[in-house]
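**Student:** Mind looking over this structure? Questions follow.
What follows draws every value from the coordinates through simple rules; no lab data is involved. Given the structure is predicted, the values throughout are model-derived calculations rather than measurements. For neighbour counting, all protein chains shown are included, and Cβ atoms are generated from backbone atoms with ideal geometry for every residue, glycine included.
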Amino acid sequence: MKKWTDFQTVFQKATNNYEHTVLDNLLRIHVDKLISYAEDNNIKFPVVPFIPEGYADELIKWNKNVSSFPINKIHAWVDDPKYKHSFSLPISVMRDTDFPSGMRQAFRLAFRRQYRVYDNNVTFRIHKLNPGDLVMLHYDPVGKFTRPGLSTKYTDKRAFLFLSDHSPGQVFYLGDDTIEYKKYDMYTFNVQELLHGSCNFGYESRYMMIITWSEPKE
Amino acid sequence: MLEWNEWQKENCNTHNRYERVTISASLKSACDSIKKYIIDKNVKWYNYPVTPLNYGSFIADNRYEFSCNLPAQQIQEWLDAPESLRAMSLPVRVITSYILPDEIVLPALAALEAQESVYEHAVIFRVIKLKPGDIMMLHYDPKSFYTQDKVWQKGHRGKYKDKRAFIYMNDRAPGQISYLGDHEIDFKAYDMFKYDVEKVYHGSCNFGYDDRFLITFSWAEPL
């Protein structure tokens, strides 16, 4: 996986570009509603491995940038046994489909008021990093909405929205930077272009919302 | 475990009291020899949990290990809290000086003694490897790591204080994080950080792709 990550740094023209904003009041209200709903209804965070079985095939299928690259090499890099343990560590994720459709739609509408979204393409998930959890440094694969032929019309965007203040032992990397976040801080970047990872060697869980959307090109 | 750490923070006169020390040429050379020997001979790393099973019971029964007057049951409940059990049982890769040959160990101990004030040659070291994906939760070290011998401890109590130092053996790579107290340490190879055992909260993790290699010296310093 190290070689795959190094390769992406060069091949995908990685940057250290991200934008920091603080969530506005309207979106805060909708985010707080989602959190309250999850707490009131005791929605569980399913635990899944960070890299599932067959991940290399998924990358090859969706990442048009590597379609001309030898498939065997991608498999060898992504499935490198040296890092298998690190990448199969569990992460706890709640998906937007765990929420009622009305609540999801209200969030999407509020989000679209603030951000430029192509064709209503907004999804989110909530990521809980428990004490002892870790997400290895990686680049995200292309966005969920990316389909061959459409890439000239939009850019895949992603934002990390922190739902709790930073506490000791919680570490978050974006590009070359360690992020000192507060609740409602949001960091936006182009999917595929920014290396990131995190870990929690403190004693309080870290909650973060990951929002993905497509932004129309100028 | 959170409550236990917070209790120590409030009651053990801790905090960010560590110092960065320049290591001597002989200590640097000895550390290089240790690292080279371990790599060349492919010495086996032992995987220990940060806290072993029933650690709370152990500490509760051996409270002299901490300067602590809490009821035993309280200590046990805090240390064995189920919500921290998984995190605290994550493995740490360790090689102790006991299993290395004298020709590697003795020069390192002598070099440390030449640089620091050591009481009755009471010094040992261990080597810790933090592999990609490894985590060491924030914690305070218990006292007297270097003296497992309770008879020795009884005979010398009140005559020394416990000291510990980390010597980093590689430059920091992306994803390698070390905390001492409230500080994230930006380390380079051969950086040495020294502190009083029990007094400084610390922890680390590695979510990058390179191993982090560190040597921990523990010794008694005469009062």
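**Student:** For peptide B:127-140, what's the mean number of Cβ atoms from other chains within 10 Å of each residue's Cβ?
**Tutor:** 4
**Student:** Also, quick follow-up: Where does chain A land at 222 nm, in deg cm²/dmol rounded to the nearest 500, when only DSSP H runs of n ≥ 4 count, each adding -39500 (n - 2.57), divided by all residues? It would help to have the intermediate numbers written out before the result.
**Tutor:** Details: 6 runs with 60 residues, N = 218.
Estimated from H runs of four or more residues: -8000 deg cm²/dmol.
**Student:** Sticking with this one: Work out the charge dipole of chain A with +1 on the Cβ of Lys and Arg and -1 on the Cβ of Asp and Glu about the Cα centre, then indicate which of A:Asn16, A:Met186, A:Thr123 is farthest towards its positive end.
**Tutor:** A:Thr123
**Student:** Return the calculated 222 nm mean residue ellipticity for chain B, to the nearest 500 deg cm²/dmol, obtained by summing -39500 (n - 2.57) across DSSP H runs with n ≥ 4 and dividing by the residue count.
**Tutor:** So the calculated ellipticity at 222 nm is -9000 deg cm²/dmol.
**Student:** Follow-up. With 10 angstrom as the radius, rank B:Cys31, B:Cys12 by how many other C-beta atoms surround their C-beta, starting from the fewest.
**Tutor:** Ordered by Cβ neighbours within 10 Å, fewest first: B:Cys12, B:Cys31.
**Student:** Report D for the stretch B:13-113 in µm² per second (integer): Stokes-Einstein, Kirkwood Rh on Cα pairs, 10 °C, 1.306 mPa s.
**Tutor:** Estimated via Stokes-Einstein, D reaches 94 µm²/s.
**Student:** Which distance in nm do the two modelled labels at B:Thr96 and A:His85 give, with both placed 7 Å along the Cα-to-Cβ direction?
**Tutor:** That separation, rounded to one decimal, is 2.1 nm.
**Student:** Could you list, by residue number, the cysteines of chain B that have no other cysteine's beta carbon within less than 4.7 Å of their beta carbon?
**Tutor:** Cysteines lacking a close Cβ partner in chain B: B:Cys12, B:Cys31, B:Cys68.
**Student:** Using only atoms on other chains, find how many Cβ atoms lie within 10 Å of each Cβ of peptide A:81-93 and report the average.
**Tutor:** 2
**Student:** Which entries of A:Lys2/B:Lys131; B:Lys159/B:Lys199; A:Lys13/A:Lys61; A:Lys82/B:Lys129; A:Lys33/A:Lys217; A:Lys13/A:Lys217 have Cα-Cα distances beyond 24 Å here?
**Tutor:** In this structure, A:Lys33/A:Lys217 exceed 24 Å between Cα atoms.
**Student:** Other chains' Cβ within 10 Å of A:200-208 residues: what's the mean?
**Tutor:** Details: counts 5, 16, 7, 13, 1, 1, 0, 0, 0.
So the per-residue partner count for this stretch is 5.
**Student:** Could you tell me the calculated FRET efficiency between B:Asn11 and A:Lys153, based on Cβ-Cβ distance and R0 = 51 angstrom, to the nearest 0.05?
**Tutor:** Between B:Asn11 and A:Lys153 the formula returns 0.25.
**Student:** Given N residues in the protein assembly as shown, what is its alpha carbon radius of gyration divided by 2.2 N^0.38 Å?
**Tutor:** Dividing the Cα Rg of the protein assembly as shown by 2.2 N^0.38 Å gives 1.10.
**Student:** Check A:Thr155: other-chain or 5+ apart residues with amide H under 5 Å from its amide H, H built from backbone geometry?
**Tutor:** For A:Thr155, the qualifying residues are A:Glu215, A:Lys217.
**Student:** Take the Cβ-Cβ distance between A:Gln114 and B:Glu19 as r, set R0 to 56 Å, and report the resulting FRET efficiency rounded to the nearest 0.05.
**Tutor:** 0.70
**Student:** Would you mind giving the average projected area, over all directions, of the Cα convex hull of chain A in nm² with one decimal?
**Tutor:** The directionally averaged projection comes out at 12.1 nm².
**Student:** Further question: At what distance in angstrom do the alpha carbon centres of the stretch B:176-223 and the stretch B:71-127 lie from each other?
**Tutor:** 12 Å
**Student:** In whole Å, how far is the Cα centre of the stretch A:20-96 from that of the stretch B:16-68?
**Tutor:** For the stretch A:20-96 versus the stretch B:16-68, the Cα centre distance is 35 Å.
**Student:** While we're here: Taking the Cβ of B:Thr216 as the centre, find all other residues whose Cβ is under 12 Å away and add up their charges (Lys, Arg: +1; Asp, Glu: -1).
**Tutor:** Combined, the nearby Lys, Arg, Asp and Glu give +4.
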